[in-house]
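Read-outs throughout are calculated quantities, based only on the coordinates presented, and are distinct from any laboratory measurement. Not measured: the values here are computed from a predicted model. Here the Cβ is made from the backbone with ideal geometry for all residues, glycine too, and neighbour counts use every protein chain on show.
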Amino acid sequence: MKPVNVKFFQAGYCTHPEAIAIRDGKWKISQFPAVFALILHPEHGAILYDTGYSELFYQESKDFPYRLYALTTPVYFQAEESAAKQLQKFGISVADVNYIIISHFHADHVGGLRDFPNAQFICFQSGYTAIKNLRGIAATKAGFLPGLLPNNFDKRVIFVEEDSTVALPPEYDTFDTGFDLFGDRSLIAVELPGHVTGQLGLFFTDTDKQSYFLIADACWLSRAYQEFIQPHPLANLIFASKRDYIDTLHRVHELHKLNPSLNIIPTHCSDAWRKLSNLQLTF
Ligand SMILES: [Zn+2]
């Protein structure tokens with residue numbers, strides 16, 4: 001695979017009992033960081049995988065029914081934690097970001113989209129179709145705050161092309177089909193359905209020959225894919241498909257067993273985040 005550089009950031013967190021994320025977990029309240037990745041591609045420049053939360057989350061969730069989202073998911077976020085502000089400190093302006101790959105449209109993944117005026121958005125069409133017309137209670141139930149999407153989203157979105165399919169390397173073959181996003185084998189997307197329809201996971205290798213698989217919310221904690229632990233039955237209430245969720249989690253689990261050196265990164269795992277936060281971007 002063509003190598004890229006990557007650095008991970010956290011933009012806010014929410015809290016939930018750990019036992020919701022893994023059914024053998026404790027009922028004590030845990031923090032679930034909202035992690036996003038900056039990928040530097042040799043030709044396509046700065047690319048984000050998700051954005052985490054933003055200040056706009058509070059504005060968009062202040063009135064009913066969207067307030068129900070904030071009430072059921074307590075969110076902690078400081079203005080300086082936004083993707084835009086953190087990248088700026090890192091020497092990358094909002095105008096420099098050319099693409100944002102969207103894993104799915106929950107508010108903790110798309111909170112910062114409006115901050116990046118030049119970015120084109122890459123996602124699975126099925127993921128966008130599932131939420132694009134939802135408003136009010138239906139949107140809230142789907143974890144979607146419509147005001148987080150830029151008004152011209154439809155003009156800026158690029159759907160993953162069906163004809164960009166590639167055979168995955170044998171060590172990744174617990175997944176059937178990969179999509180070569182830039183046609184150069186640098187970023188390979190796969191579908192991770194269940195948590196939502198059309199969730200996008202991403203394979204890539206960095207210049208230190210470390211391989212990554214970003215799996216968004218295919219599970220919330222690393223132990224879930226490592227030991228194949230399902231979430232609490234209550235969590236099924238928010239999933240698009242429980243059967244697909246378990247199938248996806250099982251594939252990630254098998255992949256981990258087959259390929260233990262692959263860095264599998266769930267967006268909200270604080271153990272994974274602790275390790276990632278020390279990674280230095282090398283140019
Ligand atoms: Zn999430």
- Item | Principal axis box of the chain, alpha-carbon based, largest edge first, Å | 46, 42, 37
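How large is the convex hull of the Cα atoms of the stretch 87-150 per residue, expressed in Å³ as a whole number?
Normalising the Cα hull of the stretch 87-150 by residue number yields 81 Å³.
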- Task: Please find the FRET efficiency linking Phe228 to Ser126, where r is the Cβ-Cβ separation and R0 is fixed at 25 Å, and quote it to the nearest 0.05.
- Result: 0.45
- Note on the structure: If unit charges are put on Cβ atoms (+1 for Lys and Arg, -1 for Asp and Glu) and the dipole of the chain is taken about its Cα centre, the option from Gln230, Phe144, Phe77 lying farthest towards the positive end turns out to be Phe77
- Message: Give the lysines reachable from Lys242 as a straight Cα distance under 24 Å; neighbours fewer than 8 places away on the same chain don't count.
- Response: Lys26, Lys132, Lys141, Lys257
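Please sort by residue number the GluC sites (Glu not before Pro) in the stretch 1-65 whose DSSP state is loop and whose Cβ has at most 13 other Cβ atoms within 10 Å. Don't jump to the answer; show the numbers that get you there.
Values: sites: Glu18, Glu43, Glu55, Glu60; in loops: Glu43, Glu55.
When the GluC sites (Glu not before Pro) of the stretch 1-65 are filtered for loop state and at most 13 Cβ neighbours within 10 Å, Glu43 remain.
For a Förster distance of 41 Å, can you work out the FRET efficiency between the beta-carbons of Ala138 and Lys257, rounded to the nearest 0.05? Let's see the in-between values first.
On the way: r = 39 Å, r/R0 = 0.94.
Calculated value: 0.60.
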- Query: Lys/Arg Cβ at +1, Asp/Glu Cβ at -1, dipole of the stretch 5-277 taken about the Cα centre: which of Gln31, Ile264, Ala46 is farthest positive-ward?
  - Reply: Gln31
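Taking the convex hull of the alpha carbon atoms in the stretch 1-157, what volume per residue do you get, in Å³? Mind showing how you got there, number by number?
Numbers: hull volume 21.1 nm³, N = 157.
That works out to 134 Å³ per residue.
If you average the sequence gap of Cα pairs under 8 Å that are 6 or more apart and divide by the length of the chain, what percent do you get for the contact order? Could the numbers behind the result be given before it?
Numbers: 625 pairs, mean separation 58.1, N = 283.
RCO, the chain: 21 percent.
Highest mean first, how do 72-85, 28-41 rank when packing is the count of other Cβ atoms within 10 Å averaged over residues?
Working: 72-85: 16.4, 28-41: 20.3.
Listed from highest to lowest mean packing, they are 28-41, 72-85.
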- Dipole of the stretch 5-277 (Lys/Arg Cβ +1, Asp/Glu Cβ -1, origin at the Cα centre): which of Phe116, Ser93, Tyr66 lies farthest to the positive side? Tyr66
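Quick check for me: using +1 on Lys/Arg Cβ and -1 on Asp/Glu Cβ, what's the dipole size of the stretch 5-277 about its Cα centre, in debye to the nearest 20? Can you show the working numbers first?
Numbers: 23 positive and 30 negative charges, 182 e Å.
Around 880 debye, computed over the stretch 5-277.
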- Note on the structure: Among Val196, Val97, Val166, the residue with the largest mean-square fluctuation in a Gaussian network model of the chain built from Cα contacts under 10 Å is Val166
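Using R₀ = 22 Å, calculate the FRET efficiency as 1/(1 + (r/R₀)^6) where r is the Cβ-Cβ separation of Glu162 and Asp184; round to 0.05. If you can, show how the numbers build up before the last one.
Numbers: r = 18 Å, r/R0 = 0.83.
FRET efficiency, Glu162 to Asp184: 0.75.
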- Note on the structure: Most packed first (mean Cβ within 10 Å per residue), the peptides 10-16, 228-234 order as 10-16, 228-234
- Can you tell me the Rg and Dmax of the stretch 158-257, counting just the alpha carbons, in angstroms? 13.8, 41
